[in-house]
Each structure stands twice: as C-alpha cells, then as structure tokens.
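Peer 1: Okay, here's the structure, questions in a sec.
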Amino acid sequence: RETSLTEAILGFSQEWERIYGIAVKLKFSQYTQMPENTERAFFMVMQEALSNVARHSQSTEVEIFLKQNPHYAFIMICDNGIGFPESKKKSPGIGLKSMNERARLLGGALEIASIENEGTCIRMEVPLEEKNGKEN
C-alpha cells in the first residue's frame, strides 16, 4: 500500500477543489488504517459523491468526515448545494446504486440526507469489529 486513505483523500480532494473551484474541508477523527477493501470502498464512495457534487449540487463548499472507533468507521460527504427532491432518492442513479452496493458488500449501510436548497450528506458506515474470528 503506497498511500494511506487519508493521504489519498487529501490528494484527490485538493486536485478536485482546484478543478471545480468548490472548497473542500477535511475532518479526520481517530483514524487508523483499516482493511484495504474497506479503505478502497470509502475512497470510491468519496470520489462518486464528489462527482455528484460537481455535476448537480451548485455547491460552494464540501466537507469530508472520516471517523472510526473500535466497532465501526464512517465517511460522510456533505455539500451546501441545492439538494435534491425525495423522488431522486426513490429512483437513484447508477452512482448512488454503486455506493449502496459498496456499503452492503462490507456489511454496512449508506444513508443519504438531502434538503432542497440546503445541501446533501452521504454517509457510509461499516462495521469493523471481528465477526466469527475474522476481520471484515
């Protein structure tokens, strides 16, 4: 593994911020290395979420939170954009479907909270504790 998840998020978000002109704030809390498949899923969900922000949100700022404790880890990407209506949540596009699938494959969940004209938060949480003697 060449770079940590936090280094990868930092590098990607700095480049994304430069390209799209949308400010990115990073908040990492109690983060330690996780299994590689979990880190990869977190990174890909963050990439997809930022892609959606750039295409749809009309945001001026995005916050990326990465936090873990002994039992679970989560990544949350929140923007201050236009949000989207309930109908979009009921018929998600391919990006949201792939994020949901990544969370599900790790035994976790993806939550989307969006308020029109206030913004959207996408949160993926996955369990970290050992199950049946093996890590996720």
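Peer 1: Working only within region 35-62, note down all residues that are open to solvent by 40 Å² or more (accessible area, probe 1.4 Å) and of a type in the set (D, E, K, R).
Peer 2: Listed by number, the residues that qualify are GLU36, ARG40, GLU48, ARG55, GLU61.
Peer 1: Go through (1) at pLDDT 95 or above; (2) β-branched (Val, Ile, Thr); (3) under 15 Å from the mean Cα position of the chain (by Cα) and name the single condition ILE22 misses.
Peer 2: Evaluating ILE22 over (1) at pLDDT 95 or above; (2) β-branched (Val, Ile, Thr); (3) under 15 Å from the mean Cα position of the chain (by Cα) leaves (3) as the failure.
Peer 1: Keeping to region 14-34, report how many residues are part of a strand (DSSP E or B), open to solvent by less than 60 Å² (accessible area, probe 1.4 Å) and either in contact with a His (Cβ under 9 Å, 6 or more places away or on another chain) or more than 23 Å from GLN58 (Cβ to Cβ) (or both).
Peer 2: 1
Peer 1: Select from region 1-13 the residues that are over 12 Å from VAL62 (Cβ atoms), among the small types (Gly, Ala, Ser) and in contact (Cβ under 8 Å) with a residue 40 or more places away in the chain and list them in ascending order.
Peer 2: Result: no residue meets the conditions.
Peer 1: Follow-up. Within region 63-103, track down each residue that is at pLDDT 85 or above, in contact with a helix residue (DSSP H, G or I) (Cβ under 9 Å, 6 or more places away or on another chain), part of a helix (DSSP H, G or I) and surrounded by 16 or more Cβ atoms within 10 Å (Cβ to Cβ).
Peer 2: MET99, ARG102, ALA103
Peer 1: Taking region 30-64 only, how many residues are within 14 Å of GLU7 (Cα to Cα) and small (Gly, Ala, Ser)?
Peer 2: Final tally of qualifying residues: 0.
The values are calculated or read from the model by the stated rules, or taken from the named source; none is laboratory data. These figures come from a predicted structure and were not determined experimentally. Because the Cβ atoms are built from the backbone with ideal geometry, glycine has one as well, and the counts that use them run over all protein chains shown. SASA here: full protein model, heavy atoms, side chains in, ligands and nucleic acids out. Shrake-Rupley method; radii C 1.70, N 1.55, O 1.52, S 1.80 Å.
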